[in-house]
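The values are calculated or read from the model by the stated rules, or taken from the named source; none is laboratory data. Nothing here was measured: the structure is a model prediction, and the numbers come from that model. Positions of Cβ are generated from backbone atoms using ideal geometry, with glycine treated the same way; all protein chains shown enter the neighbour counts.
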Amino acid sequence: MKFNLLFIFMTMTAAEKEQIISRYVKAYNAKDVATMMADMAPDIVFENYLNGLCNMRLEGLEAFRQQAEQALAVFTERRQTITGFNHSGDQTEIAISYKATLANDLPNGMNKGDVLELSGRSVFTFSGNRVLKLEDHA
């Protein structure tokens, strides 16, 4: 008996991408690093931008995990709220509002208990059913 295998590369639907992103944001808000990482590619690239400049670039799941765990201690509470989705090819951009309360004093003059409120965007680049790159822009 012969079998012919046909491999079809299927692009994720917008709804599937939104489900993965929503699960990530829910896990972020719950400080659940393991679930945040569940849909990330092993060679994930994470970049953080502030005022248009990249101030952090990480490569690989382990580097992402370490940073995510370190960030848990910065805020007593934090909340990202998705305010919109924009899909383009293998990328999905979300608009977010962000609110967090500092757990400790920071060198920039912000103090424990201060509340940060800002809006920004995150860009998720997908490969197959995994997040290959995540950019946060504030």
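Each residue in segment 78-105 was checked for being in contact with a helix residue (DSSP H, G or I) (Cβ under 9 Å, 6 or more places away or on another chain) and within 17 Å of TYR28 (Cα to Cα), and 7 pass.
Checked against the criterion of being surrounded by 16 or more Cβ atoms within 10 Å (Cβ to Cβ), touching a residue at least 24 places away in the same chain (Cβ under 8 Å) and of a type in the set (Ser, Thr, Tyr), segment 99-112 contains not a single residue that satisfies it.
Of the set (1) assigned to a helix (DSSP H, G or I); (2) touching a Ser or Thr at 6+ places or on another chain (Cβ under 7 Å), all apply to GLN66 but (2). Say whether the condition of being in a helix (DSSP H, G or I), touching a His at 6+ places or on another chain (Cβ under 8 Å) and at pLDDT 95 or above is met by at least one residue in segment 19-34. Looking through segment 19-34, none of the residues is in a helix (DSSP H, G or I), touching a His at 6+ places or on another chain (Cβ under 8 Å) and at pLDDT 95 or above.
For segment 51-92, the set of residues classified as touching an Asp or Glu at 6+ places or on another chain (Cβ under 9 Å), in contact (Cβ under 8 Å) with a residue 12 or more places away in the chain and of a type outside the set (Gly, Ala, Ser) consists of ARG57, LEU58, GLU59, LEU61, ILE82, PHE85, HIS87, THR92, listed by residue number. Within segment 101-126, if we keep just the residues that are among the polar types (S, T, N, Q) and part of a loop (DSSP other than H, G, I, E, B), the residue that is farthest from ASN51 (Cα to Cα) turns out to be ASN104.
Here is the figure for segment 63-102: residues that are under 15 Å from ASP32 (Cβ atoms), modelled with pLDDT of 95 or more and among the hydrophobic types (A, V, I, L, M, F, W, C) total 2. Screening segment 106-130 for residues that are under 24 Å from SER22 (Cα atoms) and aliphatic (A, V, I, L, M) and picking the one that is farthest from the chain's Cα centre (by Cα) gives VAL115.
Candidates in segment 35-55 are the residues that are farther than 15 Å from GLN66 by Cα and in a loop (DSSP other than H, G, I, E, B); of these, the one that is nearest to the chain's Cα centre (by Cα) is ASP39. Out of all the residues in segment 73-82, is one or more assigned to a loop (DSSP other than H, G, I, E, B), surrounded by 11 or more Cβ atoms within 10 Å (Cβ to Cβ) and over 16 Å from the mean Cα position of the chain (by Cα)? Yes, segment 73-82 contains at least one residue that is assigned to a loop (DSSP other than H, G, I, E, B), surrounded by 11 or more Cβ atoms within 10 Å (Cβ to Cβ) and over 16 Å from the mean Cα position of the chain (by Cα).
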